[in-house]
1. Can you give the extra length, in nm with one decimal, that the chain gains between Glu144 and Arg102 once fully stretched, where that is 0.36 nm per residue apart less the Cα-Cα distance?
2. Using the Cα atoms of the range 1-159 to build a convex hull, what is its mean projected area in square nanometres?
3. Looking at the chain as a GNM with Cα springs under 10 Å, which of Lys146, Lys74, Lys109 has the largest mean-square fluctuation?
4. In this model, which of Lys35/Lys109; Lys64/Lys145; Lys35/Lys123; Lys35/Lys145; Lys48/Lys109 are farther than 30 Å apart at the alpha-carbon?
Amino acid sequence: MVNYITTARKPSVRTRTFAKQLSFLFGADYITRGKTSISDLIADARYKGVEYVLIVTEKDGNPKQLLVMLVNDKTWEWRDSYFVKILRTRSEISKQENVRIRSFSLQTKDLALNHLLNQFDLKLNDDSDYAIKDIKNGISVFFEKKEIGPSFAITFANDRIKEE
């Protein structure tokens, strides 16, 4: 399944970097948003058979919220919303060109992350060299026993997203 991850318009470098890191982690395509409207984003998603679009929004130059949009042939809807707080942006994943994490083990009990990963229909594999583990105040990505980041905290937003 192909999914998109993009940002709000005119994102900061930190937000754009985090969105790209999520695309590596979720096996999704990162799309540079630019001046693309929501309707154009939806049209492109329909054309390419994309089911979920995740938009990373920001506040004061930092990633703030993950908005999940479900797209099908006839309609689209805001599905869920999560607040995100970056703990560390360091990531060795994005330093390597064309790297996609195909599977990973989930070694966290974080309910919001589990819910988000289920929507993206990711394949979990306990034998994978990659893992998402709990760290102090959040979660991080590990390769074998080495933390490679990014490190972040994720929580459910209070209520569902209403159409803009």
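1. 13.6 nm
2. Average of the hull's projected areas for the range 1-159 equals 9.1 nm².
3. In this elastic network of the chain, the residue with the biggest mean-square fluctuation among Lys146, Lys74, Lys109 is Lys74.
4. Violating the 30 Å limit, Cα to Cα: Lys35/Lys109; Lys35/Lys123; Lys35/Lys145; Lys48/Lys109.
Computed from the coordinates by the stated procedures, all read-outs in this text should not be read as laboratory data. Predicted model, so just to flag it, every value in this text is computed and none were measured.
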